[in-house]
Structures are given as structure tokens and as C-alpha cells.
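See below for the structure under consideration.
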Amino acid sequence: MRRVHTNELVPGMITAEDIYYYNSNQLILPKGLVLTEQAIDRLNDYAIVSIRIEDASVPVSDKDTGEEPESYFQQIRSSQEFIKFKKSFQDEVSEFKEHFNDVVRKNAPIDVDGLLDRSLSLINETHSSVDLLDMIHSMRDFDDATYAHSLNVGLLCHIFAKWLNMSDEDANLAMMCGLLHDIGKLMVPDAIIKKPGKLTAKEYDQVKEHATDGYLVFLHQNIDLHIKNSALMHHERCDGSGYPMQLKGNQIDPFAKMVAIVDVYDAMTSARAYRGPICPFQVISVFEEEGIQRFDPKYMLVFLEHIVNTYVANTVRLSDGRTGKIVYINKDALSRPTIQCGQEFVDLSKEKHLSIEAIL
């Protein structure tokens, strides 16, 4: 192991330690990562002066291999940490599926403590909220409209609560609200949930019943009221356009407001039977255009700003086919950051005809 100045790093070197942002728990790069130009740029963007690398690191240039270097997310997907996390995630989904079905079909009691412990074990496998987000973002082709989605929403709600500076107790409660919000979906026929085409009006009405059905499942369970309310209210909107009761503003439980935002974000950025995952920046654009009235701004803006910041220094493909690196977030237009394409800087907040098509 030896310490190397960031300016002297080259692709092919291997990190010998987890690299965190100064005086924080924000992970920038994990231990054992094979450096690419993008990863080195990420260190420079965070003003990291030097890092420790493995002595056995062998610099590799793009010209040496004749191949395109792996992107940041490609490296994550091939890492041992991600392979372990994915296996644990899939195991937890199976556990949740069995327990949720027992609750709905057999009226079994909710094992809140057990669900909490298993969810926290997934969080403890990663080093920070950014690391956990990277893991979740790297699994966007996991097509499960109920169980995996519920676990994603639970984990993301825990991260969201930390962004809001909530206590550990409330962060755990937010996670449980997210984990259990969609239990009413188990009472909707699979043929509707997994239908590859557009739902009929009658089918959509059946889907909408899951909010009330979930609340009724929990009605006589000995669980926190916020969990019950989140099942009932996660499709309510602050302008009264939601369902099932067309509640407005402060009539909606604050935890349900959090779940509502995360629910939409995860559903849109994940694969579904009828489409692939949507680029997060397209989803953020929808929030900016339509969400300011429908979602509570004090929650929505915090969520979007933190989500966008996790993508700084990542490589993206623009709608005109060019690729580049995100170098600056425009706070007044979060979905339209500044991209460095070679020597050119493209400010998407001004180049309205362009957009981010994919994160590579």
C-alpha cells in the first residue's frame, strides 16, 4: 500500500481503502475499486488531494486494452460488494414476500422488529447513504412491482430521513412506512399488476383500492399509526388530486408525504413489465414540472437536491448522442446540470433542446 497524489493517479490503479469526503461519512470511492478516468475525475471534483492504492496496482491505459473503460456503475455491478448486496437483497425480498402474504392471507401479526432488523442489515452492509444509493441505482432492471419495490422504498425512505436530519428512531419508522406502504397491492390480481399494456379504467380503479385495502389490513394490527397512514395516504397529493380521499396539505401524514415522493421516484426509475427503467434526470424533470403543487416542497426539494448530488462526476449520454461528465448542479434547474463533453461545457439549463438520456 502506498499513498499517491491524485494528480499522479492513472487508470488501472486499485484503491486500498474506502475514500470519504473530508470530515463526513459520504463515501466517494470504495476500497478495491479499479480506477478509471471517471473515478479519478470524481476524486478531483471532491478536492481529494491523495489516496492510498494497492502496491500491486498496474496502470492500464485505454490504448493498451483497445476497449472502452467500464463506467462507475459498471464497476459497481462487477464488484464483490455489489454481488453480496444483490444476494442479500434478493434473500430479503423472498423473506418479505412470505411474511407479507402471511399477513394478508392468514391475518398473521406484523413482525415489525424482524422486518426492521433485516432491513437495517442491508444498510449495514454498505458504508454510507451514497454507497447504498449506488447499490440501489445499480439494480434498476430488477422487475418486481411489489416486493422489491417495497424494499427499495423502505431503504430510500431511511436515506431520505437522514437527509432531513431526522432521529435514528424516526428514520427507522420512515423505513417501515416505506417498506409496508404497498401491502394492499397483494389484494390486486397479478394479471393486473403485471399487465404489459395500458390498464382499462376498471382495472385502474381496482389498483387504486390498494391504498384502502392496505389500511384495512393494518387497522387492528399493533403498529405505529404513521405506518397505517402511509399505506392509506401515499397516493394523496397536496393539491387534493390524489386518492382515496382527495386529502390536501396538512391533512396528509408527514411520513406518507415522504413515502409518496420516494414511491414515485423508485417506480419510475425501475424496470416494469411494460417498459424499462426511466433515466433519473427525466424523472426529476417531471417532479420539477408537476410536483411543486402535488408534493410538499419542504420534502420534495430536499429529496431531489440530494439525489441529483449523488450523480456529480458520473458519465451521461445526452439526447444528441454525446457523452460527458456531470460537473455542476444548477440548483434552479436540478434536472439540467452542466455537462463536460471533452473541452466543451454544456449548460443544459440554457440548452433547452438537449437533455440527459441515460446515466452510463
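The values are calculated or read from the model by the stated rules, or taken from the named source; none is laboratory data. None of the values given here were measured: they were computed from a predicted structure. Quick reminder, even Gly has a Cβ in these numbers, built from the backbone with ideal geometry, and neighbours come from all protein chains shown. The accessibility values were calculated without ligands, DNA or RNA, using every heavy atom of the protein model including side chains. Shrake-Rupley method; radii C 1.70, N 1.55, O 1.52, S 1.80 Å.
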Original post:
Given the structure, is Ala56 of a type outside the set (Val, Ile, Thr) and either surrounded by 15 or more Cβ atoms within 10 Å (Cβ to Cβ) or modelled with pLDDT of 85 or more (or both)?
Top reply: no
Subject >> Scan of the range 334-350 for residues that are touching a residue at least 12 places away in the same chain (Cβ under 8 Å) and either in a loop (DSSP other than H, G, I, E, B) or within 22 Å of the chain's Cα centre (by Cα) (or both), ordered by number >> reply: Leu334, Ser335, Arg336, Pro337, Thr338, Ile339, Gly342, Leu348, Ser349
Original post:
Which of the residues spanning the range 264-309 are open to solvent by 10 Å² or more (accessible area, probe 1.4 Å), touching a residue at least 60 places away in the same chain (Cβ under 8 Å) and not in a loop (DSSP other than H, G, I, E, B)?
Top reply: Ala267, Arg272, Pro280, Gln282, Ser285, Tyr299, Val302, His306
Original post:
Only one of Ser167, Ser230 is at pLDDT 95 or above, closer than 21 Å to Tyr265 by Cβ and of a type in the set (Gly, Ala, Ser); which?
Top reply: Ser230
**OP:** Kindly indicate whether Ala260 is within 15 Å of the chain's Cα centre (by Cα) and either outside any loop (DSSP other than H, G, I, E, B) or modelled with pLDDT of 95 or more (or both).
**Re:** yes
Original post:
Has the range 78-95 got any residue that is modelled with pLDDT under 80 and either in a helix (DSSP H, G or I) or of a type in the set (A, V, I, L, M) (or both)?
Top reply: yes
**OP:** Mind counting the residues in the range 313-330 that are in contact with an Asp or Glu (Cβ under 7 Å, 6 or more places away or on another chain) and either assigned to a loop (DSSP other than H, G, I, E, B) or of a type in the set (Phe, Trp, Tyr) (or both)?
**Re:** 2
Subject >> Residue list for the range 305-325, filter: aliphatic (A, V, I, L, M) and modelled with pLDDT under 90 >> reply: Val312, Ala313
Original post:
What residue, among those in the range 310-328 that are among the hydrophobic types (A, V, I, L, M, F, W, C) and in contact (Cβ under 8 Å) with a residue 24 or more places away in the chain, is surrounded by the most Cβ atoms within 10 Å (Cβ to Cβ)?
Top reply: Val316
